[in-house]
1. Using the alpha-carbon atoms, what tilt in degrees (0 to 90, nearest 10) does helix 62-78 show relative to the longest principal axis of the chain?
2. Tell me, what is the FRET efficiency for Arg39 and Glu7 to the nearest 0.05, using R0 = 25 angstrom and their Cβ-Cβ distance as r?
3. Quick one: with all protein chains in place, what share of the accessible area of the range 80-161 is carbon or sulfur, to the nearest percent (1.4 Å probe)?
4. Quick check for me: using +1 on Lys/Arg Cβ and -1 on Asp/Glu Cβ, what's the dipole size of the chain about its Cα centre, in debye to the nearest 20?
5. Quick one: helix 29-44 against the long Cα principal axis of the chain, what's the angle to the nearest 10°, folded into 0 to 90?
6. Residue separation times 0.36 nm, minus the C-alpha to C-alpha distance between Asp63 and Asp26: what's the value?
7. Taking the Cα atoms only, what angle lies between the long axis of helix 2-27 and the longest principal axis of the chain, rounded to 10 degrees?
8. If you stretched the chain out fully between Arg146 and His82, how much longer would it get, using 0.36 nm times the residue separation minus the C-alpha to C-alpha distance?
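The values are calculated or read from the model by the stated rules, or taken from the named source; none is laboratory data. Just so we're clear, the structure is a prediction, and the values are computed from it rather than from any experiment. Glycine gets a Cβ as well: all are built from the backbone with ideal geometry, and neighbour counts include every protein chain shown. Note: accessible area is taken over every heavy atom of the protein model, side chains too, but ligands, DNA and RNA are not part of it. Shrake-Rupley method; radii C 1.70, N 1.55, O 1.52, S 1.80 Å.
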Amino acid sequence: EQEMTNELIGRVRQMSLNLRPSMLDDLGLLPTLIWHFERYTNQTNIQVAFQHNNMQGKRFPFDVETAAYRVIQEALTNAARHAGVDHVTVRIWHIPGWLGVQIEDDGTGFQPAEMLGNGTSRGLVGMRERAVALRGTLDIDSAPGRGTCITMEIPIEVDNDEH
């Protein structure tokens with residue numbers, strides 16, 4: 001069963017990687033995430049409770065949209081692999097100057113410092129690198145038996161000329 005789960009996750013990941021660029025470019029973050037959650041649920045049977053605030057019709061710089069999408073994708077992949085949950089919550093919000101995302105589950109949890117420190121989780125390290133590259137922050141709040149909450153906040157230039 002684990003082998004099948006891993007294969008499914010591999011396929012979800014591959015699909016997302018393949019289809020991401022054009023859809024994200026054409027439609028933006030919100031529709032692309034909704035599309036991704038539908039496929040994720042179909043392939044993992046994990047429900048995604050999606051909460052978004054001040055996102056409708058919004059576009060952000062290419063690298064910001066990419067980072068938000070990738071961090072959510074990676075966190076959901078980790079939840080399917082390790083958390084042992086049947087639902088996750090994803091929140092995304094835009095306030096002047098910032099884009100925030102949060103992925104939360106009430107699964108098995110882990111020791112973030114340990115995972116980041118010994119390099120066993122390339123995914124977590126990659127998430128943090130994405131955030132830092134954009135002058136943002138990534139906070140991983142987890143402990144064994146207590147679930148996981150990943151929060152990323154990325155600053156966005158408030159510049160009226162930027163489209």
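1. 10 degrees
2. For Arg39 and Glu7, the calculated efficiency is 0.95.
3. 49 percent
4. On the way: 14 positive and 22 negative charges, 38 e Å.
For this selection, approximately 180 debye.
5. So the inclination is approximately 10 degrees.
6. Length difference between fully extended and current span is 11.9 nm.
7. 0 degrees
8. 21.7 nm
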